[in-house]
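First comes the structure, then the notes that go with it.
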Amino acid sequence: MYTGTAWAEDDIYLEIYKRIARNIKIAIPDFTIEKKDIDITDISEKAVSILSNDLRYTGIFNIVEGTGERDKYGTIDFKEWGILGAQALVKGKCYIDKNRLSFKLWLYDVSEEKYLFGKEYSGDVKQLRLIMHRSADDIVYYLTGERGVAGTKIAFISPSSGYKEIYIMDYDGYNLKRLTNDRSIALFPAWSPDGRDIAFTSYLHKNPDLYIMDSNGLNKRIVSKLDGLNVAPAWSPDGQKVALVLSKDGNPEIYIMDIDGKGLNRLTKHRGIDTSPAWSPDGKEIAFTSDRAGSPQIYIMDVRGEKKGLRRVTYRGNYNDLSSWSPDGKLIAYTSRQNGRFEICMLDVKNKRSYQLTNGYGSKEGPSWSPDGRLIAFSSKEKGKSNIYVINADGTAQRRLTFLKGGGYSPSWSPRLER
Amino acid sequence: MRGRGLFRYSDSLNDTKQMVVISSLLHLTIIGLMILLPTLTSSRKKIIFSPVYTVDLVELPFAGPKKKIITQKTEKKRPKVEEIKKKPKLKSKPKKIKNIGRSLKKKKTKVKKIPELKKGVAESKLLAELKALEDKWNSEKGVREEKKVVMESSILEELNALEKKWAEEEKRKEKVPEETEPVIAKKEEPIAEGDSSLIFKEDMNRFPYPEYLYIIEARLNANWRTPLLSTKLDLTDEGKKVIVSFKILKDGKIQDPLIKISSGNIVLDQLAIKALNDSDPLPPLPSRYNKHALSLLFGFVYSAERVYH
């Protein structure tokens, strides 16, 4: 666009504008392959696509297409990348040595033609995805100051084997594994804040008891086996306590106990059903669902009990349940019945304003936040079968993760897993 | 008794056999325990993910030599900004600077002025031709470098052709100098909708080749890179502006690029200068233009896309 004004006798004034988008435009040309005796072009191409997807899924990167054809002669043609619109550039070299994959990655600032950081990653060939997730998280960390979530996992329930068992998968739906083999009914998986354990409910001994197991499926131990329900566990942010629902006195109420099953403390006392506890990230409050006002609505109470502070936060709709607190504590994602089917809604905790996040086909339930607060996993039921989906927290880019024949539901997003 | 017998020396064959069996059993159980115990005790600590090893890299295998050149360049540029700041010339023109600042805010009102600035219908045709030329230029980005020589010459050819047309047009204008403008004034739609480009009348009088300016603008725009960490640039809706002055010589070479007004951010200033350097040389000035150089003031305005929550 031109505008002009008289400046001096002979000067012509022109102006051009650049509106800088929030998303970073990053180019990832094909990696170069060292030691060409073994052909690993397919591995290298796969690596680029994993890395591209990881960055795209963050919702803050756009991938610039380009092959880097002209870069192969030793230097990077930053000018060309600049014309293509790239702001950052990832250059990679890969080689394989006896089943051992190595990737060297370098990140550049295209505009300033500056080298930013470089790292070499190596691991088993089978760990290709893990290696690329790791590098994606490093790039995200370098450019945003916060680690990505490409290394995280999602636990969920699937009836694929004929029994309801707990499965885990990478955050992008790959690397699916079954964790339990109880031949029973497992429910409500909940990842501990340190990523080492998963709490869940199982009918293994004919009663819905609460268990905790290591996140690799081993070392299962019983936490609570009181008569009636021992369900819907929610970890305290420090990982020392679990909020859960017990019906030992006939009516489902919310309790807190230590993870070894001791120190039981009752929080709610009401004729109505109180369920689905969710601990706030600061550990001071617990959101839960109660039908004390006639229909299931979400309430927030003090962690010391409802008598120390209780407020209702949802008023829209006649069925609101399954809340999940955003990592920064500002929002609560929850399930709400809208026009006969469930949708994921978002509640601003401070001003109690809520809006619908998901839309369209399928009945959507059980939101779970990614640890960076950018993504939300949930299940969507279509034609009688649920599957796990992920959506950006701003309501864009919904995509399906599970393609199991039995489907999947009740997702729980892991914290960042330190390795 | 039996236990003691284990350690008693005996030359009977049976006893030796027994000892060998028992000792091998003992060894096996000890080895077995050595293997099993750690896995049993550490199963809680064991994490299912096998490790990925990482090593920080320091070398710059790709940008090594090029980077040096750049740092030299930037070192040259930095003092220039300071020089300009010291120049009293700047202080003598504060009002005009403000005017430019306002011109950014009043973009829309200025678009309404287009009718006054419009030229002939023939010119709009020329514009279309030039746009096609630019599209061609943009669409062939990838292959362009290889074909650079060919492209440049074809651009030159087309520019020469355009210049001939401009010359004819000027002759026509000389015959009917006053009448053309009001006629064009009525046709404001195509430009306002299309390129949304406009050049002011005074500028037009001094340099009546808007098409050449469009090419300059397109070239600089293409070579104007987007800063990486825009979040750290503290950009507002109104934006930050760098004003650069330079001269285009007859043969298209860029001379004396200088930051007239800094944006306040060295990164943004340098990207403007870099856009000039990357665009050098520009296409030669129209041959009809009789001065030896064209001096330009060029504003690069950065603003941030608004984020909605």
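Annotations for the structure displayed:
- Every condition in (1) modelled with pLDDT under 90; (2) of a type in the set (Gly, Ala, Ser); (3) surrounded by fewer than 18 Cβ atoms within 10 Å (Cβ to Cβ) holds for A:SER49 except the one numbered (1).
- Test: residue in the range A:370-383 that is within 21 Å of A:SER290 (Cβ to Cβ), among the polar types (S, T, N, Q) and without any contact (Cβ under 8 Å) to a residue 40 or more places away in the chain: no
- The condition (being at negative phi, at pLDDT below 90, outside the structural domain of A:GLY395 (by TED's automatic domain parsing) and part of a strand (DSSP E or B)) is satisfied by just one residue among A:ILE96, A:ILE43: A:ILE96.
- Test: A:GLY272 is surrounded by fewer than 19 Cβ atoms within 10 Å (Cβ to Cβ) and in contact with a strand residue (DSSP E or B) (Cβ under 6 Å, 6 or more places away or on another chain): yes
- Any hit, the range A:113-126, residues being surrounded by 18 or more Cβ atoms within 10 Å (Cβ to Cβ) and part of a helix (DSSP H, G or I): no
- Only listed residue being under 26 Å from the mean Cα position of the chain (by Cα), charged (D, E, K, R) and within 11 Å of another protein chain (Cβ to nearest Cβ), chosen from A:ARG147, A:ARG129: A:ARG129
- Complete set of residues in the range A:247-259 that are outside any strand (DSSP E or B) and touching a strand residue (DSSP E or B) at 6+ places or on another chain (Cβ under 7 Å): A:PRO252, A:ILE259
- For the range A:291-344, taking the residues that are outside any loop (DSSP other than H, G, I, E, B) and among the hydroxyl-bearing types (Ser, Thr, Tyr), the one that is surrounded by the most Cβ atoms within 10 Å (Cβ to Cβ) is identified as A:TYR334.
- Residue within the range A:149-159 that is on the phi > 0 side of the Ramachandran plot and either out of contact with any Asp or Glu (no Cβ under 7 Å at 6 or more places or on another chain) or not in a loop (DSSP other than H, G, I, E, B) (or both) present: no
- Check on A:ASP249, among the charged types (D, E, K, R) and within 24 Å of A:SER324 (Cβ to Cβ): no
- Identity of the residue in the range A:216-234, closer than 25 Å to A:GLU418 by Cβ and surrounded by 22 or more Cβ atoms within 10 Å (Cβ to Cβ), that ends up farthest from the other protein chains (Cβ to nearest Cβ): A:ALA234
- Top-ranked residue in the range A:136-148 [being touching a residue at least 60 places away in the same chain (Cβ under 8 Å), part of a loop (DSSP other than H, G, I, E, B) and not basic (Lys, Arg); ranked as farthest from A:SER380 (Cα to Cα)]: A:GLU146
- For A:SER158, the conditions (1) over 27 Å from A:ARG56 (Cα atoms); (2) of a type in the set (Gly, Ala, Ser); (3) within 13 Å of chain B (Cβ to nearest Cβ) are fulfilled apart from (3).
- Candidates A:ARG196, A:ARG178, A:ARG271, filtered to the one that is in contact (Cβ under 8 Å) with a residue 12 or more places away in the chain and away from every other protein chain (no Cβ under 14 Å): A:ARG271
- Selection from the range A:371-404 of residues that are more than 19 Å from A:GLU165 (Cα to Cα), of a type in the set (A, V, I, L, M, F, W, C) and surrounded by 21 or more Cβ atoms within 10 Å (Cβ to Cβ): A:LEU375, A:ILE376, A:VAL390, A:ILE391
- Extreme residue, surrounded by the most Cβ atoms within 10 Å (Cβ to Cβ), among residues of the range A:275-290 that are touching a residue at least 24 places away in the same chain (Cβ under 8 Å), small (Gly, Ala, Ser) and outside any loop (DSSP other than H, G, I, E, B): A:SER276
- The set of residues in the range A:160-178 that are crowded, with 22+ Cβ neighbours inside 10 Å and assigned to a loop (DSSP other than H, G, I, E, B) contains only A:TYR171.
- Among the residues of the range B:286-309, those identified as within 30 Å of B:LYS165 (Cβ to Cβ) and within 12 Å of chain A (Cβ to nearest Cβ) are B:TYR289, B:LYS291, B:HIS292, B:ALA293, B:LEU294, B:SER295, B:LEU296, B:LEU297, B:PHE298, B:GLY299.
- Tally, over the range A:72-113, of residues that are at the interface with another protein chain (Cβ under 9 Å from one of its Cβ atoms) and basic (Lys, Arg): 4
The values are calculated or read from the model by the stated rules, or taken from the named source; none is laboratory data. Small disclaimer: the values here were computed from a predicted structure and weren't measured. A quick note on method: Cβ atoms are made from the backbone with ideal geometry, for glycine too, and the neighbour counts reach across all protein chains shown.
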